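These notes concern the structure reproduced below.
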Amino acid sequence: MQSKIVKIFASLLLIQLASCASLGVQPWERDLLAKDEMALDAEKLDLALDDHIYFSKEATSGGRAFAGGGCGCN
Amino acid sequence: MQLSHKPINISAVLATATCALLGVTAAQAEENTELWKFDTALMYYGETDRVTAVEGVIAATKDFGDEHIFSGKLTIDGLTGASATGAVAQPTAQTFTRPSGNGNYEIAAGETPLDDTFHDTRLQLNAQWTQPIAQDLRASGGLQFSNEYDYLSFALNGSLAYDLNQKNTTLSLGLSYALDTIKPEGGIPLALATVAFNPNPEQEDSTEFEDNYNSTRATDSDSKNTLDVMLGLTQVINRRLLMQFNYGLSTVDGYTNDPFKYLSVVDEQGLTQSLVYENRPDTRTRHSFYWQTKYAMDFGVADISYRFATDDWKIDSHTIDSRLRINLSDTTYIQPHFRYYQQAAAEFFQPFMQEGETLPEFASADYRLGEMTAYTLGLKYGMELDNGDELSFRLEYYQQSPKNAGFDEPGVLQDMELYPTVKAVIAQVSYRF
Amino acid sequence: MLANNTINAFSIEAKNDHYCGRFTAMASPCELLIETQDHELAQQLTLLAWQESKRIEHKFSRYQKDNLLYQINHAIGSPVVIDDETYRLLSFAQTCYELSDGMFDLSSGILRQAWLFDGSERIPSTQAVNKLLPLIGWSKVRFDHKTIQMPKGMELDLGGIGKEYAVDCVAKLCQLKAPDTSIVVNFGGDIQVTQPRKNQQDWHIGIESLADEKAAIKILKIKNGGLATSGDARRFLIKDGVRYSHILNPKTGYPIMNAPRSVTVAAPHCIQAGLLATLALLHGQQAEAFLQEQNLQFWCYR
């Protein structure tokens, strides 16, 4: 039960009102940015599959993630 | 009141008492905890007359609390079909001995030589652990293992991400090291050695061919090291706009050749006299600059990225990738995808060699190192099911158009298609639960 | 059709991506944030929340004379018939009493006859406090599934758990009514979220800051679960530079010294969070140590 509680607490965050920043948003303005589809790695699997195709068919790899090795296809 | 005198856990007892008071069961309370999340996909990749691949992926993620996150991934792919060898098409039929030395295959007149012996199954495992290590500082470390019939790769990575400016800015630094070992059937061919041809493959003991073949072999296996460094900056611009900039440096050291790729040696009429194995420099240093931006609209999300990469093989490339998610309803969306890619040829790329010419130090006729443009057009349809799972389908068309980077074509080669277009279809089904 | 007085009792406002229902109950501003675009649903849920809050308030308020609590407190030693809900609340209080070594005591509210926490320096006399001590003691309260009986003169006060209990009850009803909708029940800073939002977004809730009178509002970010705050921001006495918290020790009749001014605790359910926050305050100087031992997410302000 204790570990369950700990897990639930992970989903809770408390933050204090802080000063204004020139670029960026206040924490409570993150409604749109917090959407799953706004994550930079949304569709992680699609991106990984694409990276693998292009890694094996083109001379350039990486950029978004590590360029690194891993396959005999190139 | 004293602390620590009672072994009982107060919050645990209280939790039980709360469940009794509110008439909820502990199981109901547990629904709120983070469970394993799975992401699965099955992809088909098929080129016209060439390679067909089927790739299956299962990825699992679990948040163990306080942003301690484990993710693991299992990838299996099977590859069959024919792949360009680098040899040029000829006005007459050509016969080639298979890379392993076992048997021959015939290529019709005017056809680009493809080796159809590619059958491979690859298994890849990834494991990644991410957790905060200090206020606003996250660390991540991971391992990757990939194994196929003649290739083995082991990689590890580590990265740090630092949030500042109320998490509107994130700086990251990552390192990755990979060790790849290749062990092709028949061994590693010698650089630029003449490919042995067996005129009588049916004959049981052709010692002459075996001697010839063995004389082109150096060792059984070879390896390469890849070291990647990546610097990243992610910035929230406003409520709708997010940007990322990455700089990547990648150095490869070791065996970079493809042991199955040849160059045709042609005479003045453009007729093939012999084949030689390719040879690439044993180091490569790449720089990549990547910019991505995501924009949240009322009806969806626009995702655009641009990548410029340059390396000491003189391959410069530009990539533009864009996806536009359009929400059709609360639970469904379509997403068109467009990607454009353009690369310059490696300085040692040449589509063939000419007889009598001094042997270059490095040479490859692998079209993937030549000048080319490529584009991808795709459409994805996704839907959230009643139980919260997500099902999506993706269909894409990929076309590569290799280009002549200014090579003269002697004699009959002028009538041959030396830079054939490669067309492929990608189909994918994904399920997230 | 709703009666006119019912309509006036609560208000509904469409926000950017949710509805906000408001009413007043238990002397607190009450708020419902409902992740929906459905005006009808928002109205139904707010009505439901208002009715449930009023039901609990009416049943257990010590300011009313026609309710069950009044009967219990004025039975002069005779048994009073109770219902299942009351039994469950009393059982919960029993567990809390045991867990806290007698520090959490529903019968300690009677000390209010001596202590008036109005920010003044009027400390009651020792005699006034001592006179009340015999009337305190949960162990003297006898109850079972059917009845409760306690010595003449004793009083129960559910103020310490009533509001949190109401939050949980309302949340439970809302979840039954709209099982696929994320709803925040916020009764003056005691909060319960029924389930995470569709896109795993956080709910942003402005609550009155107990810690800092200057920053009147602070923004709370919550995905799921419950949250409750206990403290003495406005309920204390100061004499000779010593701050007397309104958290009273039922054994001595005097305030717990060196307690944090406010404790906020996160837990799966609001009432759990509320109890843990109260227990932490009862630990005085050791409040943080207590909470750390419980492996909880919490925020203490001293």
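Laboratory data are not the source of any read-out in this text; all were calculated from the coordinates shown. All of these numbers come straight from a predicted model, not from anything done at the bench. When we count neighbours, we look across all protein chains shown, and the Cβ atoms used for this are built from the backbone with ideal geometry, even at glycine.
General remarks:
- Chain C, relative contact order in percent, only Cα pairs under 8 angstrom and at least six apart counted: 16
- Residues whose amide H falls under 5 Å from that of residue B:87, counting only those 5 or more places apart or on a different chain, are B:262, with hydrogens built in the peptide plane.
- Using θ = phi - 60° and Karplus 6.51 cos²θ - 1.76 cosθ + 1.60, couplings along segment C:196-203 (whole Hz; Gly, Pro as x): x, 6, 4, 9, 6, 5, 7, 7
- Segment C:110-120 - phi-based ³J(HN,Hα) in whole Hz, Karplus 6.51/-1.76/1.60, Gly and Pro as x: 4, 4, 4, 5, 9, 9, 10, 8, 10, x, 7
- Chain B, relative contact order [Cα under 8 Å, separation at least 6], %: 13
- Exposure rule at most 14 other beta-carbon atoms within 10 Å, DSSP loop GluC sites (Glu not before Pro): chain C longest free segment: C:1-120
- For segment B:345-433, GluC sites (Glu not before Pro) are listed when DSSP marks them as loop and at most 16 other Cβ atoms sit within 10 Å of their Cβ; the list is B:347, B:355, B:357, B:361, B:417.
- Note on the protein assembly as shown: Cα-only Rg and Dmax are 36.0, 121 Å.
- Cα-Cα separations in segment B:43-89 greater than 18 Å, expressed as whole percent: 55
- In Hz, Karplus ³J(HN,Hα) per residue of segment B:250-267 (6.51, -1.76, 1.60; θ = phi - 60°; x = Gly, Pro): 10, 10, 10, 9, x, 7, 10, 6, 9, x, 9, 10, 10, 10, 7, 9, 10, 8
- Applying D = kT/(6 pi eta Rh) to segment B:109-162, where Rh is the Kirkwood radius over alpha-carbon pairs, T corresponds to 25 °C and eta to 0.890 mPa s, the Stokes-Einstein value obtained is 170 µm²/s.
- Applying a DSSP loop filter and a limit of 10 other Cβ atoms within 10 Å to the GluC sites (Glu not before Pro) in segment B:197-235 leaves B:202, B:204.
- Each other residue within a Cβ distance under 12 Å of residue B:23 adds +1 if Lys or Arg and -1 if Asp or Glu, for a net charge of -1.
- Under 5 Å, built H, 5+ apart or other chain: amide partners of residue B:110: B:90, B:92
- Each pair of Cα atoms in segment B:355-421 enters the Kirkwood radius, and Stokes-Einstein at 4 °C and 1.567 mPa s then converts it into a translational diffusion coefficient of 80 µm²/s.
- For residue B:73, the aspartates and glutamates whose Cα falls under 17 Å of its own Cα, not counting residues fewer than eight places away in the same chain, are A:41, A:43, A:46, A:50, A:51, B:39, B:55, B:63, B:148.
- Principal-axis tilt of helix B:10-22 within chain B, Cα atoms, nearest 10 degrees: 80
- Based on alpha-carbon atoms, the Kirkwood radius and the radius of gyration of segment B:151-307 give Rg/Rh equal to 1.22.
- Near residue B:76: Cβ cut-off under 14 Å, other residues only, Lys/Arg at +1 and Asp/Glu at -1. The net charge is -2.
- For residue B:297, distant residues with modelled amide H under 5 Å away: B:302
- Neighbourhood net charge (15 Å Cβ-Cβ; Lys/Arg +1, Asp/Glu -1) for residue C:271: -2
- 10 Å Cβ neighbours from other chains, averaged over peptide B:163-172: 4
- Viscosity 0.890 mPa s, 25 °C: Kirkwood-radius Stokes-Einstein D of chain C over Cα pairs, µm²/s: 121
- Exceedance of the 20 Å cut-off in Cα-Cα distance is limited, within the set B:224/B:403; C:131/C:251; A:44/B:294; A:57/B:314, to B:224/B:403.
- Annotation note: trypsin sites (Lys or Arg not before Pro) in segment B:230-267 located in DSSP loop regions with a Cβ neighbour count of at most 15 within 10 Å are B:239.
- Rounded tilt (10° steps) of C:159-177 against the dominant C-alpha axis of chain C: 20
- Charge dipole (the protein assembly as shown, unit charges on Cβ, about Cα centre) - positive-most of B:192, B:214, C:26: C:26
- If you wrap the Cα atoms of chain B in a convex hull and average its projected area over all directions, you get 29.0 nm².
- Spatial offset of segment B:189-239 relative to segment B:95-115 amounts to 18 Å, using the alpha carbon center of each.
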